[in-house]
Amino acid sequence: MNSFLDRASDRINRGVEYTLFGLGLAMALTVATQVFFRYVLNQSLFWSEELARFMLVWLTFLGTSVAYKRQAHPGVDILTRRLAPTLRKFVTIATHLLSLGFFLIMVVYGIQFAHFVRFQISPALTLPKWIILSIIPICGTILCVHGVTFLAAEFRRTSRDG
């Protein structure tokens, strides 16, 4: 049975995947346009490199949340596969709790850092840097939703299995 949390996590992930597609396409077009202007027209688009860099940062953070949701992140399970089922459940729950702690650190310190640079402006695009750096707490929040979903699913599995 899918809980509200499962559905919310799935919807958020779907939205992030669409955003990743759009950002990836925009970044590819920006870089292609930059190359065309530089090597064909012998002109420089002063803003294109900075924009591509900022899009890459956002792609990286958002891609991390999708990889986590799909459980596609690298892991070493050579030890956990050999554990007794009860101990394996404990390790899984502890891993989710540690991950949630890290994600909360991303949210708290990401907000503090974005606030710290709130008056700084990017040189080429003249965007406030807090906008660019807001991806850190945004991604941390998305990762928290996915982490709580995984943790709840593990508790449901534990209570169901006895």
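Label R53 and V117 with points 7 Å out from Cα along Cα→Cβ: what is the distance between them in nm?
Here the answer is 1.0 nm between the modelled labels.
Based on alpha-carbon centroids, what's the gap between the range 67-105 and the range 14-59 in Å, whole number please?
Distance between centres, Cα-based: 35 Å.
Quick one: helix 48-69 against the long Cα principal axis of the chain, what's the angle to the nearest 10°, folded into 0 to 90?
10 degrees
Given the options V145, V91, V57, state which has the largest fluctuation in a GNM of the chain using a 10 Å cut-off (strictly under) for Cα springs.
Most flexible of the set in this elastic network: V91.
Each label point is 7 Å from the Cα along the Cα-to-Cβ direction; what then is the distance between the points at V31 and R11, in nm?
Taking the simple label geometry, V31 and R11 are separated by 3.4 nm.
Multiplying the sequence separation of I131 and F90 by 0.36 nm and subtracting their Cα-Cα distance, what value in nm do you get?
Between I131 and F90, full extension yields 10.9 nm more.
Strictly greater than 20 Å: what percent of every Cα pair in the range 86-162 meets that?
Everything past 20 Å amounts to 47 percent.
Determine the gain in length on full extension of the stretch R81-L41; use 0.36 nm per residue of separation and subtract their C-alpha separation, reporting nm with one decimal.
Full extension of this stretch gives 8.6 nm more.
Using a Förster distance of 30 angstrom, determine the FRET efficiency expected from the C-beta separation of R157 and V108, and round it to 0.05.
That gives a FRET efficiency of 0.50.
Measure nothing fancy, just the Cα-based angle from helix 135-161's long axis to the longest principal axis of the chain, in degrees from 0 to 90, nearest 10.
20 degrees
As I understand it, the dipole of the range 4-161 uses +1 on the Cβ of Lys and Arg and -1 on the Cβ of Asp and Glu, about the Cα centre. Which of L133, Y68, T92 lies farthest toward its positive end?
Most positive-ward Cα: T92.
So for each of 131-140, 40-49 I average, over its residues, the number of other beta carbons within 10 Å; can you give me the resulting order with the highest mean first?
By packing density, highest mean first, the sequence is 131-140, 40-49.
Mind putting a number on the dipole of the chain about its Cα centre? Charges go on the C-beta only, +1 for Lys and Arg and -1 for Asp and Glu, and I need it in Debye to the nearest 20.
420 debye
Taking the range 2-33, which trypsin sites (Lys or Arg not before Pro) meet the DSSP loop condition and have no more than 11 other C-beta atoms within 10 Å?
For trypsin sites (Lys or Arg not before Pro) across the range 2-33 that sit outside H, G, I, E and B with at most 11 neighbouring Cβ atoms in 10 Å, the list is empty.
When N is the residue count of the chain, what does its C-alpha Rg come to as a fraction of 2.2 N^0.38 Å?
1.32
Using the per-residue mean of other Cβ atoms lying within 10 Å as a proxy for protection, in what order, highest first, do the peptides 104-111, 29-36 fall?
Averaged packing, sorted descending, gives the order 104-111, 29-36.
None of the figures in this text is laboratory data; all of them are computed from the coordinates on show. Quantities reported herein were computed from a predicted structural model and do not represent experimental measurements. Cβ sites come from the backbone with ideal geometry, for glycine too, and all protein chains shown count toward neighbours.
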